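This report concerns only the one structure given below.
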Amino acid sequence: MHLSDPTLLKSQCLIDGRWLGLGTDSIRNPATGSELALVPRFGAAEATMAVEAAQRAFKPWAAKTGKERAAVLRRWFDLIVANKEDLAIIMTSEQGKPLAEARGEVDYAASFVEFYAEEAKRIYGETIPSHRADARIVVLKQPIGVIAAITPWNFPAAMITRKVSPALAVGCTAVVKPAPETPLTALALGVLAERAGLPPGVLNLITGDAPSIGEVMCTHPAVRFVGFTGSTDVGKLLMRQAASGVKKVGLELGGNAPFIVFDDADLDAAVTGAMLSKFRNMGQTCVCANRIYAQDSIYEAFVAKLAKEVGKLQIGNGLDAGVTQGPLINERALAKVERHVADALQNGGRLLAGGRRHVRGGTFFEPTLIADAAAGMLVAREETFGPVASVFRFRDENEVIALANATQYGLAAYFFARDLGRVFRVAEALEYGMVGINSGIMATELAPFGGVKESGIGREGSRHGAEEFVELKYLLLAGM
Ligand code: ADP
């Protein structure tokens, strides 16, 4: 890894402003298998230390003015932007995504820090016209306290800043456990936070045994909020653990995104949207199109155009120029993709591209297109989380809305249509937290990201993302 600033490559954890621990767990580049670094395998004892450091740091940090906290966050933002290239190289090396996407993620991650630096000054309370002439009602917004965050490997930077920057902005302090596959991006963000002048203990980063660290985060009385992005099963486990202390949770869990192309859609735009939505990050995002529905009359034309685009994808090491598809994160991810493809082909799916492990070996998989997918297949019921586009045929609006909603998930949905009545009917009928209309991509720090049903609780981004981390306190001032 050639970094202009090698001090960004940390292999220790950040607890109470100190870098601690001996490297034991090997972090590998999924494109080459080579070892990048060793990070500590911390557990319950160190997680408790980190929570208690955050607890000590809480009162002084919360006591600062919003403007003071904003200044520190703004410096962090500036440093992330200034170190974008190094952060992107670290991210691609440990995660596999193409460098251009890693740069894009650094920008996206930084945008949350910038947005909440601005928002820190605008955590407005409320006065409410009183029910009594001798009294006034005032509502204060106060930081909830120490927050814990557990993040996934698919967006190693953004899933951290999207949780931590609103929390820090409103006056909370944080303990973060990044994914075991991608801790190096997280630790580099920690170095920059320190350089920005974040006081010791305000942001703690800990790597190691997920269940032991997670249990401390969910049960330590000082933690008041547990934020998580990851699988639905782990989300449910954390929610159960957090219930014992009645902690607030923010959960961004799995999805099973429908991507619907109606017969009045701009087909080229729909194909571009489907490619972006499906193949970004090798299909490893919770908002990736999972079930692509194309209406009867445009079905074959859409599938043919999509096949042409899938054929243009360039597979390789994400650090190499021109590569658009890197490796999958690990063998388990690869095995799931293989299982989904085999199941679809056994049950009548038509293979139009890919379908196998790539000749490069490792965890590379060929970008795959399967037409004539059907409701009973694994590709319809589960999130494939890989580079497999499965296309289903549908007849009419009511049928496709029912199909799209026939899942326990409700994160992102997409559709392409031009008829205005249809646009509103479908947007309102889709049981999803986010709906992209004539766009395959919709993430921005300005809008609330989150799901309904088993896809999660709470929202990240926008002013709503900051509201998650404040408690309302009602003051009744009587005797006037
Ligand atoms: P994936 O299967 O894609 O890795 P996970 O939900 O297992 O998704 O992982 C997301 C995050 O949750 C990671 O940081 C992982 O270490 C963490 N994690 C996994 N299991 C647990 C657990 N039992 N308690 C706390 N965190 C966990």
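The values are calculated or read from the model by the stated rules, or taken from the named source; none is laboratory data. Note that this is a predicted model, so its numbers are computed, not measured. All Cβ positions, even for glycine, are placed from backbone atoms using ideal geometry, and neighbour counts span all protein chains on display.
Regarding residue 446, is this residue surrounded by fewer than 14 Cβ atoms within 10 Å (Cβ to Cβ) and either at pLDDT below 95 or touching a strand residue (DSSP E or B) at 6+ places or on another chain (Cβ under 6 Å) (or both)? Walk me through it before giving the result.
Working: surrounded by fewer than 14 Cβ atoms within 10 Å (Cβ to Cβ): yes; either at pLDDT below 95 or touching a strand residue (DSSP E or B) at 6+ places or on another chain (Cβ under 6 Å) (or both): no.
The answer is no for residue 446.
Kindly indicate the residue of region 119-132 that is in contact with a Leu (Cβ under 9 Å, 6 or more places away or on another chain) and under 30 Å from residue 60 (Cβ atoms) and also nearest to the ligand (Cβ to nearest atom) among those meeting that condition.
Filtering region 119-132 for residues in contact with a Leu (Cβ under 9 Å, 6 or more places away or on another chain) gives 120, 125-126, 130, 132.
Narrowing further to those that are under 30 Å from residue 60 (Cβ atoms): 120, 125-126.
Values: 120: 27, 125: 34, 126: 36 Å.
Looking at residues that are in contact with a Leu (Cβ under 9 Å, 6 or more places away or on another chain) and under 30 Å from residue 60 (Cβ atoms), I get 120.
In region 326-356, the qualifying residues are those that are in a helix (DSSP H, G or I) and of a type in the set (Lys, Arg), and the one that is farthest from the ligand (Cβ to nearest atom) is 339.
If you go through region 123-131 one residue at a time, do you hit one that is farther than 27 Å from residue 84 by Cβ and either buried (at least 24 other Cβ atoms within 10 Å of the Cβ) or among the aliphatic types (A, V, I, L, M) (or both)? Within region 123-131, one or more residues are farther than 27 Å from residue 84 by Cβ and either buried (at least 24 other Cβ atoms within 10 Å of the Cβ) or among the aliphatic types (A, V, I, L, M) (or both). When 174, 149, 135, 193 are screened for being farther than 19 Å from residue 444 by Cβ, in contact with a helix residue (DSSP H, G or I) (Cβ under 6 Å, 6 or more places away or on another chain) and either charged (D, E, K, R) or more than 16 Å from the ligand (Cβ to nearest atom) (or both), only 193 passes.
Residues that are surrounded by 22 or more Cβ atoms within 10 Å (Cβ to Cβ) and more than 27 Å from the chain's Cα centre (by Cα): does region 374-397 have at least one? No, region 374-397 has no match at all.
With the requirement that a residue be near the ligand (Cβ under 10 Å from one of its atoms), of a type in the set (Gly, Ala, Ser) and closer than 15 Å to residue 19 by Cβ, what does region 196-217 give you?
Keep residues of region 196-217 that are near the ligand (Cβ under 10 Å from one of its atoms), which gives 207-217.
From the residues that got through so far, the ones that are of a type in the set (Gly, Ala, Ser) too are 208, 210, 212, 214.
Within region 196-217, 208 is the sole residue that qualifies.
If I filter region 152-171 down to residues being within 16 Å of the ligand (Cβ to nearest atom) and aliphatic (A, V, I, L, M), which single residue comes out as farthest from residue 279 (Cα to Cα)? Spell out the reasoning first.
First, the residues of region 152-171 that are within 16 Å of the ligand (Cβ to nearest atom): 152-164.
Now restrict to residues that are aliphatic (A, V, I, L, M): 157-160, 164.
Working: 157: 19, 158: 18, 159: 19, 160: 23, 164: 28 Å.
In this case the residue turns out to be 164.
All told, residue 232 meets the bar of being surrounded by fewer than 24 Cβ atoms within 10 Å (Cβ to Cβ), within 16 Å of the ligand (Cβ to nearest atom) and among the polar types (S, T, N, Q).
Considering only residues that are assigned to a helix (DSSP H, G or I) and in contact with a Gly (Cβ under 7 Å, 6 or more places away or on another chain), look in region 197-234 and name the one that is farthest from residue 172 (Cα to Cα).
It comes out as 232.
Scanning region 268-304 for residues being surrounded by fewer than 18 Cβ atoms within 10 Å (Cβ to Cβ) and charged (D, E, K, R) gives a total of 3.
Return yes when residue 92 is touching a Gly at 6+ places or on another chain (Cβ under 6 Å) and among the β-branched types (Val, Ile, Thr) and no when it is not.
On the way: touching a Gly at 6+ places or on another chain (Cβ under 6 Å): yes; among the β-branched types (Val, Ile, Thr): yes.
Taking the combined requirement at face value, the residue satisfies it.
Inside region 42-120, counting only helices (runs of 4 or more DSSP H) that do not spill past its ends, which hold 3 or more residues that are more than 30 Å from residue 365 (Cα to Cα) and aliphatic (A, V, I, L, M)? Give the derivation first.
Working: elements: 44-63, 66-82, 84-95, 99-119.
Helices (runs of 4 or more DSSP H) meeting the threshold: 44-63, 66-82, 99-119.
All conditions in (1) buried (at least 23 other Cβ atoms within 10 Å of the Cβ); (2) in a strand (DSSP E or B) hold for residue 435, with the sole exception of (1). Among the residues of region 195-221, those that are farther than 23 Å from residue 248 by Cβ, touching an Asp or Glu at 6+ places or on another chain (Cβ under 8 Å) and not small (Gly, Ala, Ser) comprise 200, 207.
With respect to (1) under 25 Å from the mean Cα position of the chain (by Cα); (2) farther than 21 Å from residue 230 by Cβ, the lone exception for residue 296 is condition (1).
If the requirement is being touching a residue at least 60 places away in the same chain (Cβ under 8 Å), away from the ligand (no atom under 15 Å from the Cβ) and surrounded by fewer than 24 Cβ atoms within 10 Å (Cβ to Cβ), which of these qualifies: 257, 265? Steps first, please.
Details: 257 fails: surrounded by fewer than 24 Cβ atoms within 10 Å (Cβ to Cβ).
Selected residue: 265, the only one of 257, 265 that is touching a residue at least 60 places away in the same chain (Cβ under 8 Å), away from the ligand (no atom under 15 Å from the Cβ) and surrounded by fewer than 24 Cβ atoms within 10 Å (Cβ to Cβ).
The single residue among 303, 323, 359, 287 that is in a loop (DSSP other than H, G, I, E, B), out of contact with any Ser or Thr (no Cβ under 8 Å at 6 or more places or on another chain), in contact (Cβ under 8 Å) with a residue 60 or more places away in the chain and among the hydrophobic types (A, V, I, L, M, F, W, C) turns out to be 323.
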